[in-house]
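The values are calculated or read from the model by the stated rules, or taken from the named source; none is laboratory data. Here the structure is a predicted model, which means the values were calculated and not measured. Note that we place each Cβ from the backbone using ideal geometry, even for glycine, and neighbour counts take in every protein chain shown. We work out accessible area using only protein heavy atoms, side chains counted, and drop any ligands, DNA or RNA first. Shrake-Rupley method; radii C 1.70, N 1.55, O 1.52, S 1.80 Å.
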Amino acid sequence: MSTALISVSDKTGIVEFATELHRLGVRLLSTGGTAQLLAKAGLPVTEVADMTGSPEMLDGRVKTLHPRVHGGLLARRDLPAHMAALAEHGVTAIDLLVVNLYPFEATVARAGCTLGEAIENIDIGGPAMVRSAAKNWNDVAVLTDASQYAGILAELNAGGISRTTRFALAVAAFNCISNYDAAISDYLSAIELPEADGAVPKRATFAAQSNGRFVKLQDLRYGENPHQQAAFYRDLYPAPGSLVTAQQLQGKELSYNNIADADAAWECVKGFDAATNGAACVIVKHANPCGVALGATALNAYNKAFKTDPTSAFGGIIAFNTVLDEAAAQAVAKQFVEVLIAPGYTEGALKVVAAKANTRVLRIAMDGVDRQSESPWLRGVNNHDIKRVGSGLLIQSADHRVVSAAELKVVSQVQPSPQQWADLQFAWKVAKFVKSNAIVFCSGGMTLGVGAGQMSRIDSARMASIKAANAGLSLQGSAVASDAFFPFRDGLDVVCEAGASCVIQPGGSVRDDEVIAAANERGIAMVLTGVRHFRH
């Protein structure tokens with residue numbers, strides 16, 4: 001390796017890296033502020049402007065867009081014609097490119113950032129050089145992050161950068177450029193200039209984003225089944241309080257199914273604000289909540305949630321919205337738990353769960369999660385849901401709709417009591433996370449029976465009743481939530497016969513009048529939300 005071109009916005013570790021390159025006999029080329037920094041450190045550095053014979057222009061907008069730069073990056077060493085062209089035009093072959101880009105994402109994330117400031121932080125020359133070097137990876141190594149410096153120095157000291165490493169660096173470089181371009185596209189697509197009359201689509205680039213703006217966290221042992229391969233990815237910039245931000249404190253490696261179920265449990269429990277609702281516990285099995293409860297303490301919430309369905313709770317995922325203390329941990333430790341999730345743990349709790357070495361214990365910080373904001377990013381939920389179908393994608397905005405108390409409409413002759421109002425709103429929150437057709441019986445801040453994933457709503461209602469009976473729980477006076485409307489009165493009749501005293505449902509059926517009449521006939525309160533929460 002004879003020549004390196006260094007041009008970085010983030011100068012972390014660059015002096016130390018360049019010093020080692022110089023020690024190894026590598027000639028240093030650089031630009032602007034980077035060149036000044038290296039020269040100040042006493043390193044012999046040649047300005048790119050001196051090498052190209054063209055000064056930097058337009059406030060630095062044009063400095064590396066020159067044939068002497070890109071010729072040096074793109075020339076194939078195995079082609080005599082390419083090397084002859086370099087010699088004829090006096091172009092120096094560049095063997096190592098070190099570039100990181102203008103901080104566009106950091107700039108637009110800053111409060112008060114203007115469109116003009118964003119535009120000035122769109123890098124042009126940097127991505128062009130990175131693409132040239134990455135295209136010619138057989139001959140040129142390209143570094144786009146300071147974390148790569150140490151490994152490259154180790155290989156250079158050992159004799160040279162391997163072909164495998166150069167290819168990996170090229171892949172990382174193209175990923176870097178792809179994410180950078182997507183960030184610019186996402187930002188500009190969200191801008192509506194006054195004169196554009198709303199013509200700029202806010203989500204024009206989402207399809208591209210869904211394909212490229214994810215970072216692999218880990219390969220998984222297998223997918224839903226042992227014969228399927230799987231990996232776990234996160235958004236390039238994950239939302240606060242989301243599952244991918246979890247810190248695993250102990251236990252075996254998370255599996256595909258663990259992650260899917262943990263997400264269902266965490267998103268559900270996160271909907272209950274500890275400051276407003278008190279402690280909440282959610283137990284999930286096979287992507288469905290099988291027990292949800294509120295309590296004065298984590299222990300109280302857990303005991304109530306566990307009572308809903310002790311059989312299904314075995315081997316489940318348990319999530320809390322509050323710090324897990326020793327008393328709650330001792331109760332949880334009495335059963336087999338796959339994954340335990342909480343925003344924090346006391347020292348006593350950690351000592352208790354440490355005895356269950358295989359239990360996967362996750363801590364997810366709730367800092368920055370704003371449940372009241374209309375922005376899904378602030379609430380820490382996904383902006384979109386994506387589902388693969390044969391050779392295609394289904395993309396929809398995520399279901400983060402929250403129904404306010406003011407939107408609820410009583411359509412029955414009987415008015416809900418204050419306790420029924422509390423139970424109905426609790427049941428509605430839970431039903432949102434139960435697979436359709438969802439029927440959820442609740443009372444006193446806990447689930448009593450959950451019916452999920454059946455082909456008919458009647459079957460879900462009957463299943464929920466059976467679950468409650470198996471757990472020894474009475475449904476008399478309970479509140480029921482249905483994730484979608486009752487298409488006929490028969491489903492309502494089933495929940496009433498089971499003991500329901502009030503029902504919350506979206507409404508919207510052509511037979512709403514028939515169902516409301518049935519509620520009046522049964523003497524129960526009925527509340528409509530106007531919002532459906534199908535979860536397939």
Cut-off under 5 Å, modelled amide H: who pairs with ASN136 long-range: none
Separation in nanometres of the label points that stand 7 Å from Cα toward Cβ, at SER509 and ASP78: 7.0 nm
Listed residues LEU473, LEU217 arranged by accessible area, highest first, probe 1.4 Å: LEU217, LEU473
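Work out, step by step, the length gained on full extension between ALA405 and GLU497: first 0.36 nm times the residue separation, then minus their alpha carbon distance; give nm to one decimal.
So the extension gain works out to 30.4 nm.
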Between helix 256-269 and the chain: long-axis angle, C-alpha atoms, 0 to 90°, nearest 10: 60 degrees
Under-5 Å amide H pairs with GLY449, H placed in peptide plane, nonlocal only: PHE441
Accessible surface of region 1-129, 1.4 Å probe, proportion on carbon and sulfur as whole %: 57 percent
Taking only Cα atoms of region 385-536, radius of gyration then Dmax in Å: 15.1, 51
Kirkwood Rh and Cα Rg combined as Rg/Rh, the chain: 1.10
C-alpha long axis of helix 125-135 to longest principal axis of the chain, angle in °: 90 degrees
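Please work out the average accessible area per residue across the chain, using the 1.4 Å probe convention, and give it in Å².
In whole numbers, the chain has 47 Å² accessible per residue.
Quick check: residue separation of ASN358 and SER178 times 0.36 nm, minus the Cα distance between them. What number comes out in nm?
Stretched out fully, the ASN358 to SER178 stretch lengthens by 60.9 nm.
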Calculated diffusion of region 410-458, Stokes-Einstein form, Kirkwood radius summed over Cα pairs, 25 °C and 0.890 mPa s, µm²/s: 212 µm²/s
As computed over region 266-324, the Cα convex hull volume per residue (Å³): 63 Å³
Highest to lowest packing among 92-100, 516-524, scored as the average C-beta count within 10 Å: 92-100, 516-524
Accessible surface of region 402-522 [probe 1.4 Å, protein heavy atoms]: carbon and sulfur percent: 53 percent
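Sorted from largest to smallest, which semi-axis lengths in Å does the alpha carbon gyration tensor of region 9-151 give for its equivalent ellipsoid, taking the root of 5 times each eigenvalue?
26, 19, 15
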Sequence-distant residues sharing a close amide H with ARG27 (under 5 Å, placed H): THR3, ALA4
Accessible surface ranking that places the most exposed of HIS22, HIS89 first, with a 1.4 angstrom probe: HIS89, HIS22
Global form of region 436-516, assessed from the alpha-carbon gyration tensor, a/c cut-off 1.5: prolate
Calculated from backbone phi, Karplus (6.51, -1.76, 1.60) coupling profile of region 270-284 in Hz, x at Gly/Pro: 5, x, 9, 6, 4, 5, 9, 9, x, 5, 10, 10, 10, 10, 10
Those residues of region 110-136 whose amide nitrogen sits under 15 Å from the label point placed on GLN36, 7 Å along Cα→Cβ: none
Inter-label distance, nm, simple model (7 Å from Cα along the C-beta direction), ASP459/GLU117: 5.7 nm
Neighbour-limited loop hits for trypsin sites (Lys or Arg not before Pro), region 381-464 (at most 14 other Cβ within 10 Å; DSSP other than H, G, I, E, B): ARG401
Candidate residues HIS82, HIS227: accessible-area rank, largest first, probe 1.4 Å: HIS227, HIS82
Ordering of 336-347, 107-118 by packing [mean C-beta count within 10 Å, highest first]: 336-347, 107-118
